[in-house]
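Step one of this worksheet: look at the structure below.
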Amino acid sequence: QVQLVESGGGLVQAGGSLRLSCAASGGTFSMYHMGWLRQVQGKERELVAGISTSGANTYYADSVKGRFTISRDNAKNTVYLQMNSLKPEDTAVYFCAAAINPRGWLPREFPNWGQGTQVTVSS
């Protein structure tokens, strides 16, 4: 099972940008569909972006479409989330997640998570 370690979170002003990275180890990274989920305490986890094994297909939640970009580098076993035009409502813990054969872009289809990185957007 692949192990995932996120980095790149922090505090940013509204309108700013952050780039999250997720390094994978212990598995064949190119076999995994990858996703970025976020969670605010007391709310359900939301899948905000996903990318297929080759990177040819991507998914974005409506809440981030046009602002976030997911990408991957299979040679570096890393997936990224570029977040632009950040809003206070983007404040959450962001998790990187992996799945071999997800049945759709749904949080429950991505059972293998990292420990998360906090993103805080101030107004």
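Among the candidates GLY114, GLY55, the residue that is modelled with pLDDT under 95, in contact with a strand residue (DSSP E or B) (Cβ under 7 Å, 6 or more places away or on another chain) and small (Gly, Ala, Ser) is uniquely GLY114. Looking only at residues of segment 8-44 that are over 14 Å from TYR80 (Cα atoms) and among the aliphatic types (A, V, I, L, M), we find that the one that is surrounded by the most Cβ atoms within 10 Å (Cβ to Cβ) is VAL12.
Against the definition (out of contact with any His (no Cβ under 8 Å at 6 or more places or on another chain), open to solvent by less than 40 Å² (accessible area, probe 1.4 Å), small (Gly, Ala, Ser) and in contact (Cβ under 8 Å) with a residue 12 or more places away in the chain), how does GLY50 come out, yes or no?
no
The values are calculated or read from the model by the stated rules, or taken from the named source; none is laboratory data. Not measured: the values here are computed from a predicted model. Note that we place each Cβ from the backbone using ideal geometry, even for glycine, and neighbour counts take in every protein chain shown. Heads up: the accessible areas ignore ligands, DNA and RNA and are worked out on the full protein's heavy atoms, side chains in. Shrake-Rupley method; radii C 1.70, N 1.55, O 1.52, S 1.80 Å.
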